[in-house]
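What follows is a short report on a single structure.
The values are calculated or read from the model by the stated rules, or taken from the named source; none is laboratory data. The model shown is predicted, which means the values in this text are computed figures rather than measured ones. A quick note on method: Cβ atoms are made from the backbone with ideal geometry, for glycine too, and the neighbour counts reach across all protein chains shown.
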Amino acid sequence: MTKKLLTLKKTKSLDRVVHSAHNEAFNEIDCLGCANCCKTTGPLLTPPDVQRISSKLKMTEKNFVQEYLRRDEDDDLVFKSMPCPFLEEDNACSIYAFRPRACRAFPHTDAPGQASILNLTRKNAKICPAVSRILQILSEHS
Ligand code: SF4
Ligand code: SF4
């Protein structure tokens, strides 16, 4: 972590600079040209996610869970396989309008409380080129 980031963490200015870098990075990077998060990591699905997505797909929750989901080692519901079964060949998400909340939130660099997720952000930089670019922008400004 750079000295500047440590200082920002202390002064609580980190959210402002990370959010600005987030906007800059996502103006440069097109997720449809990447989809690496949908190909490699995948989201956790909450009960409201299961309810909403199964309803939109006109499936029972039970059938949706049986067909698409499994419990991971932390007992969370995740997709059975990666790439995500809803990722299309052109990298579009076939359930985009009602996708899991975690998909909407990733990579979390526009969320409040950046100081508390710096380690996660550094980890996400390994799979997400936008996060990698955000860290690069931050280091250039430090
Ligand atoms: S890994 Fe990052 S840049 Fe790639 S699709 Fe996901 S959010 Fe977008
Ligand atoms: S549901 Fe959509 S956004 Fe979420 S991992 Fe699958 S393809 Fe990607």
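Within the range 68-86, the set of residues being assigned to a loop (DSSP other than H, G, I, E, B) and either buried (at least 18 other Cβ atoms within 10 Å of the Cβ) or in contact with a Gly (Cβ under 6 Å, 6 or more places away or on another chain) (or both) comprises Met82, Cys84, Phe86. Within the range 87-100, being crowded, with 16+ Cβ neighbours inside 10 Å and free of Cβ contacts under 8 Å to residues at least 60 places away in the same chain holds for Leu87, Cys93, Ile95, Arg99, Pro100. Taking every residue in the range 101-124 that is acidic (Asp, Glu) and pairing it with any residue that is more than 16 Å from ligand 2 (Cβ to nearest atom), at least 6 positions away or on another chain, the pairs with Cβ-Cβ distances below 8 Å are Asp110/His19; Asp110/His22; Asp110/Asn23. Could you say whether any residue in the range 80-103 is more than 28 Å from Ser20 (Cβ to Cβ), more than 16 Å from ligand 1 (Cβ to nearest atom) and charged (D, E, K, R)? Looking for residues that are more than 28 Å from Ser20 (Cβ to Cβ), more than 16 Å from ligand 1 (Cβ to nearest atom) and charged (D, E, K, R), one finds at least one in the range 80-103, hence yes. Determine, yes or no, whether Val65 is modelled with pLDDT of 95 or more, part of a helix (DSSP H, G or I), surrounded by 18 or more Cβ atoms within 10 Å (Cβ to Cβ) and not small (Gly, Ala, Ser). For Val65, the condition - modelled with pLDDT of 95 or more, part of a helix (DSSP H, G or I), surrounded by 18 or more Cβ atoms within 10 Å (Cβ to Cβ) and not small (Gly, Ala, Ser) - is not met. Annotation note: of Arg133, Arg52, the sole residue that is surrounded by 14 or more Cβ atoms within 10 Å (Cβ to Cβ), basic (Lys, Arg) and more than 15 Å from ligand 2 (Cβ to nearest atom) is Arg133. Within the option set Pro107, Pro112, being within 16 Å of ligand 1 (Cβ to nearest atom), in a loop (DSSP other than H, G, I, E, B) and under 16 Å from His19 (Cα atoms) holds for one residue only, Pro107.
Within the range 87-104, if we keep just the residues that are charged (D, E, K, R) and assigned to a loop (DSSP other than H, G, I, E, B), the residue that is nearest to ligand 2 (Cβ to nearest atom) turns out to be Arg99.
One residue stands out in the range 20-38 among those that are within 13 Å of ligand 2 (Cβ to nearest atom) and over 16 Å from Ser132 (Cβ atoms): the one that is surrounded by the most Cβ atoms within 10 Å (Cβ to Cβ), namely Cys38.
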